[in-house]
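The values are calculated or read from the model by the stated rules, or taken from the named source; none is laboratory data. The structure presented is a predicted model; accordingly, all values stated were derived computationally and were not measured. Here the Cβ is made from the backbone with ideal geometry for all residues, glycine too, and neighbour counts use every protein chain on show.
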Amino acid sequence: MKVSVIGGGAWGTTLAQLLNDNGNEVLIEDINQKFVDDINTLHIHPTFNIAISDEIKATSSLKEALDFSDIIVLCIPTKFVRSELTKINELITTKKLFINVSKGIEPDTSKRISELVYELIDKKNLKGYVVLSGPSHAEEVILRKVTSLVCASYEEDNALFVQNLFNNPKYLRTYRSDDVIGVEVGGAMKNAIAIVSGASTGLGLGENARAFLISRGIKEILAIALALGANMQTIYGLSGVGDLIVTASSMNSRNFKCGLAIGQGKSLEEAQGSINQVVEGIRAIEAGYEIGLKYNLDLPIFTIAHKVINKEVDISNAISLLLSRDLKSEKYW
Ligand SMILES: NC(=O)c1ccc[n+]([C@@H]2O[C@H](COP(=O)([O-])OP(=O)(O)OC[C@H]3O[C@@H](n4cnc5c(N)ncnc54)[C@H](O)[C@@H]3O)[C@@H](O)[C@H]2O)c1
């Protein structure tokens, strides 16, 4: 099978190697010419500097990537997805299956990536949509360490197809689901809580505080997901609790590291700058906060995180604001 991967950074090139391990022909498209050269001439993963198969090819031409196959894996930071889908729709001439692996929700519109695909890709060009997500540090998958992902689609045949495409019996187990909303929201919102968890560590708080913020954070993610129409089971699965477990206390997580820097007193700009890669969780905080306002949800962690990143509250006061709230039953937010 031929597969085109749009975005050859940490995750895109790792998935390309997985697809190659599974016997597929892969062409990566990236706007970074150095990444394209690393893949084509040095045969190395451009962000991890690890050898990859010389069968994996790369291009900087979006048209070439789109002409290469009818299976498109979207793996660019979510803030570029709207403009990229607009370009893709102008260039494609055959129906494509879109597989999205980017984790995020568009602030301002609160749209998930599936909604952007259905809005921006003409029906005549759209074979289907599948989201693939779950607890997966690219750093581990590229070393073929055991990992599990879930793919969700409204079209069962497409979910089954993607489940088989990415499953590798040696190191990558895939599950399937029909809860597109749950998988998308879980994957996007866990990044927000990973930032909060990192900030608590940066502030010098202990593991008790981290567990407090993560478990109450799950409640807030669940409130957001249910308001948008997700199934509760999904949030307790791979693309919710699972992804939070892997992200919310790991130095492999750029969101956790960004939070850590904020907790240590760096400005948002300095914190993001020190990571030097996309930090999706900042936009997830914005989007989660806006969804909370729209659906009248009580989301104290998202609200205080939103105030911190917008410089309305100093990080040193954030925890006391959470602790001074009215006492509640644990059932309630
Ligand atoms: N890194 C991980 O472990 C991991 C795991 C699962 C999901 N994700 C998700 O995958 C997405 C990408 O993450 P990443 O870690 O690969 O980020 P990254 O910053 O390492 O790579 C993003 C790549 O996209 C390229 N790019 C940006 N705009 C482009 C465009 N318009 N056309 C083509 N290429 C473009 C960049 O040049 C870069 O190479 C994010 O949404 C992230 O949440 C990452």
Any idea how many residues of region 186-220 are without any contact (Cβ under 8 Å) to a residue 40 or more places away in the chain and either under 21 Å from Lys328 (Cα atoms) or part of a helix (DSSP H, G or I) (or both)?
8
Residue list for region 124-176, filter: farther than 14 Å from Trp11 by Cβ and among the aromatic types (Phe, Trp, Tyr):
Tyr129, Tyr154, Phe161, Tyr171, Tyr175
For region 244-304, which helices (runs of 4 or more DSSP H) that fit wholly inside it have 1 or more residues that are without any contact (Cβ under 8 Å) to a residue 12 or more places away in the chain?
268-275, 280-294
Which one of Val131, Val81 is aliphatic (A, V, I, L, M), in a helix (DSSP H, G or I), surrounded by 18 or more Cβ atoms within 10 Å (Cβ to Cβ) and within 12 Å of the ligand (Cβ to nearest atom)?
Val81
Within region 257-293, take every residue that is within 13 Å of the ligand (Cβ to nearest atom) and closer than 16 Å to Ser200 by Cβ and give me the one that is surrounded by the fewest Cβ atoms within 10 Å (Cβ to Cβ).
Lys257
Scanning region 100-118 for residues that are away from the ligand (no atom under 12 Å from the Cβ) and either among the β-branched types (Val, Ile, Thr) or free of Cβ contacts under 8 Å to residues at least 24 places away in the same chain (or both) gives Thr109, Lys111, Glu115, Val117, Tyr118
Failed condition for Val73, given (1) closer than 28 Å to Val241 by Cβ; (2) more than 14 Å from the ligand (Cβ to nearest atom); (3) not small (Gly, Ala, Ser), with all others met?
(2)
Conditions first: (1) at pLDDT below 95; (2) assigned to a helix (DSSP H, G or I); (3) of a type in the set (Val, Ile, Thr). Thr41 passes all but one, so which condition is the exception?
(1)
Those residues of region 29-61 which are buried (at least 19 other Cβ atoms within 10 Å of the Cβ) and over 24 Å from Pro169 (Cα atoms), in sequence order:
Glu29, Asp30, Phe35, Val36, Asp38, Ile39, Pro46, Thr47, Ala58
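Results for (1) polar (S, T, N, Q); (2) over 21 Å from the mean Cα position of the chain (by Cα), shown as yes or no for each residue.
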position	(1), (2)
Val3	no, no
Ile6	no, no
Gly9	no, no
Gly12	no, no
Gln17	yes, no
Asn22	yes, yes
Glu25	no, yes
Glu29	no, no
Asp37	no, yes
